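S.K.: Quick one: the structure is below, and I'll ask about it shortly.
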Amino acid sequence: KRLPPGQTNLGQEEHQLVFFVTTFSLLAKLAKADGIVSKEEVAVVDKFIKQSLQLNDQQRQIAIDIFYKAKDSSHSFEGFAQQYYQILGHSPAMMREMLRLLYTIAAADGVFHPKEKELVSKAAQIFNIPSYEHELIQKSFFPNTEGYYAVLGGKPSDSMETIKKKYRALVSENHPDKVISQGLPEEFV
């Protein structure tokens, strides 16, 4: 029988263990979603352990062990997300914070892999986060830059060298001295 969010048959110690397992398992499954766990993703998890949770050495080691076991376990990301919702779903703030933490992991290596995007979206649904809130959180980590590329006449897949060349060409083309030499009015310059 499924209990309402926030209601469990667990004692305080068991509740903490379930929180640890679900939290670090979610982070591990997301970190592994693109096939590898990067050092940047591990650094985000370690920072979360040290700064947000302020775990002692023994608790930190337990969290790390859970993370490394979960990344290769047969349990699903969705299952862990449902467990997380089961114990903390009564707190929308905790749901949003976990979603932000998942986005922090997804953004750590600088690439928003399609599988990461799929998993984070599933988590937002499971956590009952309204789509507009989810979109705002996503944009805070991965702003839509397609308009910027369009201005340059490029695309997101262009190399940084290509982007710089397009930028320099536009700067040169629109330089005030060039615009003046074309006989355009001063207001345009």
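The values are calculated or read from the model by the stated rules, or taken from the named source; none is laboratory data. Here the structure is a predicted model, which means the values were calculated and not measured. Note that each Cβ is placed from the backbone with ideal geometry, even for glycine, and that neighbours are counted across all protein chains shown. All accessible areas refer to the heavy atoms of the entire protein, side chains included, with ligands and DNA or RNA removed. Shrake-Rupley method; radii C 1.70, N 1.55, O 1.52, S 1.80 Å.
S.K.: At 1.4 Å probe radius, can you tell me the per residue accessible area of the stretch 18-91 in Å²?
M.R.: Per residue, the stretch 18-91 has an accessible area of 50 Å².
S.K.: Under 24 Å from the Cα of LYS29, which lysines turn up, not counting those fewer than eight places away in the same chain?
M.R.: In chain and number order, the partners are LYS39, LYS47, LYS50, LYS69, LYS71, LYS115, LYS117, LYS122, LYS139.
S.K.: Once amide H atoms are placed 1.01 Å from N in the peptide plane, what residues at a sequence separation of 5 or more from PHE142, or on another chain, have their amide H within under 5 Å of its amide H?
M.R.: Hits under the 5 Å cutoff: none.
S.K.: For the chain, which semi-axes, largest first and in whole Å, follow from the square roots of 5 times the eigenvalues of its Cα gyration tensor?
M.R.: The equivalent ellipsoid of the chain has semi-axes of 45, 18, 14 Å.
S.K.: What ranking of VAL151, VAL44 comes out by heavy-atom accessible area, probe 1.4 Å, highest first?
M.R.: VAL151, VAL44
S.K.: Related question: What do you get for the angle between helix 77-88 and the principal long axis of the chain? Use alpha-carbon atoms, 0 to 90 degrees, nearest ten.
M.R.: For helix 77-88, the angle is close to 70 degrees.
S.K.: Using each residue's phi in the stretch 158-169, evaluate 6.51 cos²θ - 1.76 cosθ + 1.60 at θ = phi - 60° and report the 3J(HN,Hα) Karplus result to the nearest Hz, with x for Gly and Pro.
M.R.: Karplus-based 3J(HN,Hα) across the stretch 158-169 equals 5, 6, 4, 5, 5, 4, 4, 4, 5, 4, 4, 5 Hz.
S.K.: Can I ask one more? How do ILE129, ILE62 rank by accessible surface area computed with a 1.4 Å probe, from largest to smallest?
M.R.: ILE62, ILE129
S.K.: With contacts defined as alpha carbon pairs under 8 Å and 6 or more residues apart, what's the relative contact order of the stretch 91-160 in percent? Please list the in-between numbers first.
M.R.: Values: 28 pairs, mean separation 22.1, N = 70.
So the answer I get is 32 percent.
S.K.: How do SER157, SER91 rank by accessible surface area computed with a 1.4 Å probe, from largest to smallest?
M.R.: Most to least solvent-accessible, the answer reads SER157, SER91.
S.K.: Continuing with the same structure: If exposed GluC sites (Glu not before Pro) are those in a DSSP loop with at most 15 other Cβ within 10 Å, what is the longest stretch of the chain that has none?
M.R.: 1-185
S.K.: Okay, next question. What's the carbon and sulfur percent of the chain's accessible surface, probe 1.4 angstrom, rounded to a whole number?
M.R.: Here carbon and sulfur together make up 53 percent of the probe-accessible area.
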